[in-house]
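These notes concern the structure reproduced below.
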Amino acid sequence: MAQSQTQLAAHQHGKSRVRIGRVWRIGDDSNRGMTATDTQKNCVYYVAKQLAARPCSPEEFGVALARHFVDTYPATVWKAKVAVEMMPWRRLDVGGQPHDHGFVWQGSEIRTAYVTADSKGKVEVTAGLKDLKVLKTTQSGYSGFLHDRFTTLPDVGDRIVATSVTATWRYSRPPASYDAAYGAVRQAFTSAFYGPPKGGVFSPSVQFTLYQMGKAAIERVPEVESVFLNMPNLHFIPCVPVTTKSFDNDVYVATSEPHGNIEAVVTRAAAAPHCRL
């Protein structure tokens, strides 16, 4: 027999992708004292039922619910956080007469509230709104900004300005009425954005107007100490249709992508911001 001219110089084989999960259980692994999420859901309905005497604001409901958790489960819950959104349903008006049982979705914004309460009795209330869409067809411009080789945006002395406002504000103490305080803050925002009915007010930038809106809210409601505003651009880009030689301030391309996103926190002089950017 002829001698082989080959040999097995190296060899290996094995099992790949063998997956395993291993848990080392140390200490008590019971759920004793835990409030299940289903229990939390039922507490929301329970607290809503207890507030039957009169309609309440989302801030008041949030305070009642947060306090319920820390008061009912003192052994396990030291702090509760509650976020509330109020949908803008309004009673339907038919020929100047309120309908008995008809409601309609009015307005674009959603009212919000965020409440925390702890076992030591400390309660913090942050109110807010989102999706408040506002627009001006004139009295807005944007010019004088840095121009370099990367800049293609021209200076504009007059333009449409539109945005969707998201805002939150913190109260230093409870106002006499959360509903009235909310209405006053909303009115401060819109007044600063639009200006007076005749002539309005010029906005040199969304950044400038955003600051004026936060400032107006603080000046209008003494209990408000910190205001956060987020105002992305909803663009209306001038369009010159085919067969048209020039732009006549009448046709625009409405788009929100891409867009500038402007936000800031405005506070009273001695107050700390209630959120981070």
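Here, each number is a calculation from the coordinates, and none is a lab measurement. Note that the structure is a prediction, hence the values are computed from the model and not measured. Neighbour counts run over all protein chains shown; Cβ positions are idealised from the backbone, glycine included.
Worth a mention:
- Zero-based 10 Å bins, Cα pair distances in segment 1-68, whole percents: 12, 21, 13, 12, 11, 8, 7, 7, 5, 4, 1
- For the options Val266, Val70, Val240, a Gaussian network treatment of the chain with springs between C-alpha atoms closer than 10 Å singles out Val240 as fluctuating the most.
- Using 0.36 nm per residue and subtracting the Cα-Cα separation, the extra length available between Thr76 and Ser143 on full extension is 18.4 nm.
- Set of lysines with alpha-carbon distance to Lys136 below 27 Å, sequence-local pairs under 8 removed: Lys198, Lys215, Lys245
- Modelled label positions at Trp24 and Ala48, each set 7 Å beyond Cα in the direction of Cβ, lie 4.7 nm from each other.
- Segment 1-151: projected area of the alpha-carbon convex hull, averaged over directions, in nm²: 30.4
- Gain on full stretching of the segment that runs from Arg90 to Phe202 - 0.36 nm per residue minus C-alpha separation: 37.1 nm
- Using a Gaussian network model of the chain in which every pair of alpha carbons under 10 angstrom is joined by a spring, one finds that among Pro98, Pro174, Pro88 the greatest mean-square fluctuation is at Pro98.
- Rounded D (µm²/s) - segment 113-200, Kirkwood Rh over Cα pairs, Stokes-Einstein at 4 °C, 1.567 mPa s: 79
- Residue with peak Gaussian network fluctuation, the chain [Cα springs, cutoff 10 Å], from Arg159, Arg170, Arg22: Arg22
- In summary, the lysines within cross-link reach of Lys81, defined as a Cα separation below 22 angstrom excluding same-chain residues under 8 places away, comprise Lys41, Lys49, Lys120, Lys122, Lys130.
- Look at the Cα gyration tensor of segment 162-277: its axes a ≥ b ≥ c give a/c of at least 1.5 with a/b over b/c, and that counts as prolate.
- Each part gets one Cα centre, and for segment 91-162 versus segment 194-224 those centres are 12 Å apart.
- Spacing of the two label points (7 Å from each Cα toward its C-beta) at Tyr194 and Ser4, in nm: 9.3
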